[in-house]
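What follows is a short report on a single structure.
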Amino acid sequence: MKKIAILFFLITSIVFGQKIQRSKLIIPPKQIVQIDYPLYKGFNTKVWNKSKFDIGVSARVRHTDSLLKGFSLEKDKSLTLNVNKGSYLQFENKYISSLEIEYIIKGIGKKNSSKEYLTYQRSFYLENNTAQTISLRIPGIMNPVLKPFSRSGVDLPNGQKIYLNLNGTNLLILTVTQSISHGTRIDLANLINKAINQNN
């Protein structure tokens with residue numbers, strides 16, 4: 001039984017001659033990665049398989065996880081997929097080696113016209129530089145668990161909130177804003193200490 005991936009590395013680069021950013025995603029062995037954009041009424045994605053093996057690509061209903069449409073993307077191939085409102089994008093690695101893909105996302109409908117929230121996505125890293133496991137909650141996106149001395153790449157919309165799962169209680173540690181530069185590495189320990197001190 002495969003587990004939902006809790007760690008993945010995301011690198012963004014500008015496609016030559018285009019304004020759309022292409023993101024790179026490394027999917028660990030026997031893992032599933034889910035990508036969701038709740039601020040959109042749906043989105044289009046194009047995916048390139050940069051691995052030696054095929055990878056499962058599917059669109060699923062957010063509340064039930066039921067399959068809407070799925071494909072096996074062969075190596076060196078690409079596909080375009082429309083993910084409807086109320087659904088999320090899923091990548092599945094069934095092999096014992098990591099797989100690499102590249103993809104682009106384009107929103108096709110916005111729930112909120114506020115420029116503060118929908119102007120751009122922020123692509124950055126969350127780093128756990130401690131010897132303890134850190135459990136996070138990113139509503140509507142994923143609930144990553146960062147192992148000691150690990151790093152997780154995220155691609156989140158402005159306004160997205162990130163919480164620390166502290167003994168079953170959600171502690172707000174970060175709200176994504178335009179002030180976060182692409183590729184920034186954010187130390188979770190510093191965020192957690194500031195949030196705890198503010199609540200004391």
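Rule-based calculations on the coordinates, nothing more; no lab input. What you see is a predicted model; the values in this text were computed from it and never measured. Virtual Cβ from ideal backbone geometry, glycine too; neighbours counted across all protein chains shown.
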- Item | Net charge contributed by nearby residues that have their C-beta within less than 11 Å of ARG62 (K/R +1, D/E -1) | 0
- Net charge near GLU100, counting Lys/Arg +1 and Asp/Glu -1 over other residues with Cβ under 9 Å of its Cβ? +1
- ASN128 neighbourhood, Cβ < 14 Å, K/R = +1, D/E = -1, net charge +1
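Compare the peptides 177-183, 87-93 by average per-residue count of other Cβ atoms within 10 angstrom and give them in order, highest first.
Top of the packing list down: 87-93, 177-183.
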- With 0.36 nm assigned to each residue of separation and the Cα-Cα distance removed, SER72 to VAL145 gains 23.5 nm
- Taking 124-133, 165-174 and ranking on average Cβ neighbours within 10 Å, highest first, one gets 124-133, 165-174
- Based on the mean of other Cβ atoms within 10 Å per residue, sort peptides 188-196, 148-156 so the most packed one is first. 148-156, 188-196
- List, in order, the whole-Hz ³J(HN,Hα) value for each residue of the range 78-86 obtained from phi through the Karplus relation with A = 6.51, B = -1.76, C = 1.60 and θ = phi - 60°; use x for Gly and Pro. 9, 8, 10, 9, 9, 9, 6, 4, x
